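Derivation of every value follows stated rules applied to the coordinates shown; laboratory data play no part. What you see is a predicted model; the values in this text were computed from it and never measured. Cβ placement follows ideal geometry from the backbone for every residue including glycine, while neighbour counts extend to all protein chains displayed.
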Amino acid sequence: MPMTGLTRGGAEWVPEFLVAIDPEKCIGCGRCYKVCGRGVMGLRGLTEDGDLVDADEDDEEVIKKVMVLEAAGACIGCGACARVCPSGCQSHAPA
Ligand code: SF4
Ligand code: SF4
């Protein structure tokens, strides 16, 4: 039985929590970050070796910026990030 809540009107609501972001598909556009009111995600630099570094770091090995899960436990499963992502790189699941 998944974690279930209620809407204000009393209807059943099953939250779909953000559980993963695929760094291969993410383009670091920041749309998900802007719509999330819970501070769940953060931007990082992805190096050729697959390491994640500070997004502001001037590292020659950084090939692109990607969004990562920083505080997965703060997610309320609203699904807003899924609706704005243009790359289909996020995975959501009930808890
Ligand atoms: S589902 Fe909602 S709370 Fe969770 S990461 Fe996405 S926008 Fe933030
Ligand atoms: S909206 Fe999608 S592509 Fe853009 S930063 Fe978020 S996860 Fe990456």
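Sequence-ordered 3J(HN,Hα) estimates for the range 63-68 from the Karplus curve with 6.51, -1.76 and 1.60 and θ = phi - 60° stand at 8, 6, 9, 9, 8, 10 Hz, glycine and proline given as x.
Placing +1 on each Lys and Arg Cβ and -1 on each Asp and Glu Cβ, with no other charges, gives the range 5-94 a dipole about its Cα centre of roughly 920 debye. Over the chain, the hull volume per residue, using the convex hull of the C-alpha atoms, is 100 Å³. The amide H of Val19, built 1.01 Å from its N in the peptide plane, has Ser91, His92, Ala93 as neighbours under 5 Å, considering only residues 5 or more places off or on other chains.
So for the range 5-94, averaging the separation of alpha carbon pairs under 8 Å that are six or more residues apart and normalising by length, what relative contact order in percent results? Mind showing how you got there, number by number?
Values: 163 pairs, mean separation 38.5, N = 90.
Taking the mean separation of contacting Cα pairs over the length of the range 5-94, I get 43 percent.
Placing +1 at every Lys and Arg Cβ and -1 at every Asp and Glu Cβ, with all other atoms neutral, what dipole size does the range 52-95 have around its Cα centre, in debye to the nearest 20?
Values: 3 positive and 8 negative charges, 125 e Å.
Once rounded to the nearest 20, the dipole reads 600 debye.
For the range 26-40, in order, what is each residue's ³J(HN,Hα) by Karplus, 6.51 cos²θ - 1.76 cosθ + 1.60 with θ = phi - 60°, in whole Hz (x at glycine and Pro)? Working through the residues one at a time gives 5, 10, x, 6, x, 4, 5, 4, 5, 8, 7, x, 10, x, 7 Hz.
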